[in-house]
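**Student:** Handing you this structure, nothing more for now.
The values are calculated or read from the model by the stated rules, or taken from the named source; none is laboratory data. Just so it is clear, the structure is predicted and the values come from calculations on it, not from any experiment. Backbone-built Cβ (ideal geometry, glycine too); neighbour counts: all protein chains shown. Only protein heavy atoms, including side chains, enter the accessible area calculation; ligands, DNA and RNA are left aside. Shrake-Rupley method; radii C 1.70, N 1.55, O 1.52, S 1.80 Å.
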Amino acid sequence: MLGALPSDSENDSDKLKNWRLGKPILLKQACLNLMDVHTDNIQATESFVLAVLEGEECEALLDNPPYSDRLKGSFESMGAALNEGDDQEIEAVMFDAKSNDMLVAEDLWMKVSWLSFFDEDASIRFRFSFGVDLEEDVSADPIRQRAAAELAETIFPESSLITRNEALIDNICSASGIENPEFVERILYFNAPHGGAYFHHDLERGHAGVVYCQVSGSTYWLALPHAELAQEISFFVLHKPLPTSLSDEQKAELQQLAQSEHSISKALNTFANDALIHLINETQEFRQYLSNNGHGRLLNKGDAILLPQGDTATCCWHTVFCVGDEVGQALSFAIT
């Protein structure tokens, strides 16, 4: 059972306060105004994803219209690769960006991967960036960062549900204090039934936060600032019955850890404590506890959510689950 949900979007003063505190900001129907414009694009993307799930190669799909027509003259495919060391990766397609046959940016990529390691979870994502993944400081190279963002919009034009949505951008400006936000490190998600992501944050140098738009389907979020998550874990471990899926040794370990919120905070950041990982990600009891305490958000088609990523203490940690039997499409862009 889900806990109490906000009935409407926050007002401007609440948005600004919540952003500074690292709390999620729900924007009901923030992208619904442009949905009809992108009906064909959304359906085309769903067909693209279905082809990938059936075993088609992305590189081959992009060689055909309408993708080849959109990419021509602006982005040149440099081939595809597969990282054998990444069990989640399906395919990475490499690109160079060009203008009038002149090289603008190189080593851009679209990486397609499974969202989780569970065989029954068909959730998939398309992530756009450049260079050596997880090693390069992407914010230090704004030219390639922007080129990767343009690549995402070229392949998936429904990206403009965020990037050309004046009402949504006004909300982002009023919440974050950023006058002219840019949208980079773009991800297209397909969240499938019975699937979900572990608790995580998106803190990255040069990025102020993340905007997520629900294009189709519905998702349920648990989202709260890092420091508040540590507090909730401590209270739950010390004052609530611990799930029976935890061993006696794990329970004792968690109870020792919960004596200090600093220790919990450190364990969250290292993501190396198996008992803690299991508690917050794999037990219904803890998820229900957070939901009952008002940390749940339900997103339906056209809704958006802002996830501030100010610093380690206030970055908004979050986990998301597909609701219902429909695979839901979504956009998730970093804000700079």
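**Student:** Quick one: in the stretch 322-336, which of the residues that are over 20 Å from ALA30 (Cα atoms) and of a type outside the set (D, E, K, R) is farthest from the chain's Cα centre (by Cα)?
**Tutor:** Going through the qualifying residues, I end up with GLY324.
**Student:** Among the residues of the stretch 89-99, is any under 28 Å from GLY217 (Cα atoms) and open to solvent by 30 Å² or more (accessible area, probe 1.4 Å)?
**Tutor:** Scanning the stretch 89-99 turns up at least one residue that is under 28 Å from GLY217 (Cα atoms) and open to solvent by 30 Å² or more (accessible area, probe 1.4 Å).
**Student:** Which condition number in (1) modelled with pLDDT of 90 or more; (2) surrounded by fewer than 14 Cβ atoms within 10 Å (Cβ to Cβ); (3) under 19 Å from the mean Cα position of the chain (by Cα) is the one that PHE117 fails?
**Tutor:** Status for PHE117: all satisfied but (1).
**Student:** I've got another one for you. May I ask you to list pairs of residues, at least six apart or on different chains, whose Cβ atoms are under 6 Å apart, with the first in the stretch 310-330 being polar (S, T, N, Q) and the second being in a strand (DSSP E or B) and open to solvent by less than 20 Å² (accessible area, probe 1.4 Å)?
**Tutor:** Pairs found: THR314/PRO225; THR319/LEU222; GLN329/PHE190.
**Student:** Taking LEU229, is it open to solvent by less than 10 Å² (accessible area, probe 1.4 Å) and out of contact with any Gly (no Cβ under 7 Å at 6 or more places or on another chain)?
**Tutor:** yes
**Student:** Turning to a different aspect of this structure: Taking the stretch 10-32 only, how many residues are crowded, with 17+ Cβ neighbours inside 10 Å, part of a loop (DSSP other than H, G, I, E, B) and modelled with pLDDT under 95?
**Tutor:** 1
**Student:** Still on this model: So, in the stretch 120-155, of the ones that are closer than 21 Å to GLU76 by Cβ and among the basic types (Lys, Arg), which residue ends up nearest to the chain's Cα centre (by Cα)?
**Tutor:** Applying the filter and picking the extreme gives ARG127.
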